[in-house]
Every structure is written in structure tokens, then in C-alpha cells.
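Trainee: Mind having a look at this structure? Questions to follow.
The values are calculated or read from the model by the stated rules, or taken from the named source; none is laboratory data. From a predicted model like this one, the values you see are computed outputs, not experimental measurements. Every residue, glycine as well, gets a Cβ built from its backbone with ideal geometry; the counts of neighbours run over all protein chains shown. The protein model used for the area step is the full one, side chains on, heavy atoms only, and it has no ligands, DNA or RNA in it. Shrake-Rupley method; radii C 1.70, N 1.55, O 1.52, S 1.80 Å.
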Amino acid sequence: MQNKIKMVAVDIDGTFMRNDYTYDIPRFQKILARMTSAGCRFVIASGNQYYQLRDLFPECHEELAFVAENGAYVKDRNELIFSADIPKSIVWEVIDICREHPEIKMVLCGADSAYCQRGTVSQDFYDLTAIYYHHLKWVDDFKEVDDQILKFAPTVPEEKTYFYYDMFRETLKGKIEPTTSGHGSVDLILPGCHKASGLDRLAKRWGITPDQCAAFGDSGNDIEMLKYCGYSYAMANADPETKKAARFTCLSNEEDGVLTALEELFPA
């Protein structure tokens, strides 16, 4: 099977990383070396910012590909091959909608940096956000940001996650699509711009087909890529809908399920 698989894509939070945000680096590096010798590329596919994802792999990020910001920012090693660009009129419309709901804590995600608006979120929220957005700035007004906007990352009360998911879907009417990993996190992205679209850009670039791809995920924003890939794995800790979308289940993220499965796919 390992000779057939030419791309492996992994989600980060709840999938590749343990809950304490560590992973077994020496074990991964041995697997990556075997994958590379087998002609298989390793892709980080996450809703997180590229700069944060890159910093998780300081020893080898130049060997990897990244589908960041839920498909809005795609890099093959050091080469940028796609970056979303949400029209300013839509950016302002989303900002106005969020201002009508003060409990929404918004992060504006640009190509150069992510942004928090003073007076709308706390310093604690900013500091927590900085864990996931290594390029992050305060601004006085979102509408004054001069950057190419990739997506929006509103955080809402956890018990209202799907209320706001539905609200964004109905209000934005297809101009922007919501996706969620649950737990109060909602991403607003361009229609058709998701992890699977990013993988498809890479697959076409590398001349491989979806049935030569494997993916690992645990939540709703992984479903498109799990359906796209011929070999799809839901983590043991995945939500029920994500498990339905996958062909296989592996151990949980706390049990290093991705690495265990990859050792089976690419044995020493």
C-alpha cells in the first residue's frame, strides 16, 4: 500500500498533536525519511495560520507542504502556490455582521498577519490567540487593515457554535461559507476554499490522483479532505460525522494515532 500512497495530509489540533501540543519528533522524523524515500509527500492541512504550522516543524518545514487557513493559503515547501483574497466589500460586510453580535470574538486572518481589534477582545484572548497565530497584531479598527484577507476566525460561546454557524450561512448567502471544528470555533472561508481544495491544488501540481492520497482528521473542517482522499482516517477522538466520512479509524491523538498508522503504511 505504501508504494501507492504519494501524499499524506494531517490535521493538527486533535489529530497530529497531542493535547499538550507536543508530538514525538524523533519518531516522526524516522517516518518522514521513509515516506520521502518512498516518493510520498507530507502535507500539514489545518485551519491554523501558516507561520504557526511552520514553527511546529523547525527541523524540516522546508521539506513539507502546507494547506493552512483551511485551504486559503497553500505552500509547496517555500513556494506559495495559492492565497485567497476576499473582496473588501465582503470583508466589511462580515465585520458589520459580527459587530451586531458583541459576544463574537473575531480574528481577522490576513496573508501577512492576523489581527485582533482593541476594545472587542481582552488581552487574555489575544495572548491565547497568539499561540495559534504567530503573526498577530492589535488594530484599532478592522476596516483599516491593509492586508490580503484569507478568512475570518470568529470564536463564539461554545453552546452557540451551531447557532452562529447557521446564522453565518443564512446571512452571507454563499458569499462566504462557515466551517467549524466545534467548541466555539467557526471559520468563514471563500466558497469552495477548504482543505480538500488545497490538497487538490497540490495533487495536480505533483501529478497524483486522490486515490493516491491519505488524510487524517478529527472534526468537521476535515470532512472534505477525508472524502477527497482514497485512504481516509478518523481519529478515535473524532466526532461522529467525521468518523462517517472516513474509511478507517486510528488511535486517538493522545495515543499518537497518526504516527502509529503511518508506521503501518511505511514500515521500517
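Trainee: How many angstrom lie between the Cα centre of the stretch 151-181 and the Cα centre of the stretch 185-213?
Mentor: Result: 21 Å between the Cα centres.
Trainee: Would you mind working out the magnitude of the charge dipole of the chain relative to its Cα centre, with +1 at each Lys and Arg C-beta and -1 at each Asp and Glu C-beta, to the nearest 20 Debye?
Mentor: With Lys and Arg at +1 and Asp and Glu at -1, about 1000 debye.
Trainee: Is the stretch 191-249 rounded, prolate or oblate when judged by the Cα gyration tensor, a ≥ b ≥ c being the square roots of its eigenvalues, rounded requiring a/c under 1.5 and prolate requiring a/b larger than b/c?
Mentor: Judged from the Cα gyration tensor, the stretch 191-249 comes out oblate (a/c at least 1.5, b/c at or above a/b).
Trainee: Mind putting a number on the dipole of the stretch 72-135 about its Cα centre? Charges go on the C-beta only, +1 for Lys and Arg and -1 for Asp and Glu, and I need it in Debye to the nearest 20.
Mentor: 80 debye
Trainee: Using DSSP to define loop residues, name the chymotrypsin sites (Phe, Trp or Tyr not before Pro) in the stretch 9-96 whose beta-carbon has at most 15 other beta-carbon atoms within 10 Å.
Mentor: Counting only loop positions with at most 15 other Cβ atoms within 10 Å, the chymotrypsin sites (Phe, Trp or Tyr not before Pro) in the stretch 9-96 are TYR21.
Trainee: For LYS143, which aspartates and glutamates qualify as cross-link partners when the Cα separation must be under 20 Å and same-chain residues fewer than eight apart are set aside?
Mentor: Correct list for LYS143: ASP85, GLU93, ASP96, GLU100, GLU103, ASP112, ASP187.
Trainee: Considering the options LEU108, ILE131, VAL67, tell which one lies farthest towards the positive end of the dipole of the chain, charges being +1 on Lys and Arg and -1 on Asp and Glu at the Cβ, about the Cα centre.
Mentor: VAL67
Trainee: Indicate the gyration tensor shape class of the stretch 125-186 (rounded, prolate or oblate), computed on the Cα atoms with a ≥ b ≥ c the square roots of the eigenvalues: a/c under 1.5 is rounded; otherwise a/b larger than b/c is prolate and the rest oblate.
Mentor: Oblate, since a/c reaches 1.5 and b/c is not below a/b.
Trainee: Considering only protein heavy atoms and a 1.4 Å probe, what is the carbon-and-sulfur percentage of the accessible area of the stretch 56-186?
Mentor: 48 percent
Trainee: On a C-alpha basis, how far is the centre of the stretch 92-127 from the centre of the stretch 28-67 in Å? Whole number, if you could?
Mentor: Each part's Cα centre sits 29 Å from the other's.
Trainee: Relative to the longest principal Cα axis of the chain, at what angle does helix 25-37 sit, 0 to 90 degrees, rounded to 10?
Mentor: That works out to roughly 70 degrees.
Trainee: Tell me which trypsin sites (Lys or Arg not before Pro) from the stretch 2-58 have a DSSP coil assignment and no more than 16 other beta carbons within 10 Å of their own.
Mentor: Passing sites in the stretch 2-58 are LYS4, ARG18.
Trainee: Could you work out which residue, out of GLN148, GLN123, GLN52, moves most in a Gaussian network model of the chain, that is, has the largest mean-square fluctuation with Cα springs under 10 Å?
Mentor: Top of the fluctuation ranking is GLN123.
Trainee: Within the chain, what is the longest stretch that has no GluC sites (Glu not before Pro) placed in a DSSP loop and near at most 12 other beta-carbon atoms within 10 Å?
Mentor: My reading of the result: 104-268 is the longest stretch.
Trainee: Please enumerate, by chain and number, the lysines with C-alpha under 18 Å from the C-alpha of LYS137, excluding those fewer than 8 residues away in the same chain.
Mentor: LYS105, LYS151
Trainee: How much accessible area per residue does the chain have, counting only protein heavy atoms and a probe of 1.4 Å, in square angstrom?
Mentor: Ligands and nucleic acids excluded, the figure is 43 Å² per residue.
Trainee: In the chain, what percentage of the DSSP-assigned beta bridges are antiparallel, given to the nearest 5?
Mentor: Of the beta bridges lying entirely in the chain, close to 50 percent run antiparallel.
Trainee: Treating each Cα of the stretch 145-237 as an identical point scatterer and ignoring solvent, apply the Debye formula and state log10 I(q)/I(0) at q = 0.19 Å⁻¹.
Mentor: Per q value, in the given order, log10 I(q)/I(0) is -0.96.
Trainee: Still on this model: Kindly provide the Kirkwood hydrodynamic radius of the chain in Å, to one decimal, from all pairs of distinct alpha carbon atoms.
Mentor: 18.7 Å
Trainee: Which whole-number percentage describes the relative contact order of the chain, with Cα contacts under 8 Å and a sequence gap of 6 or more?
Mentor: 21 percent
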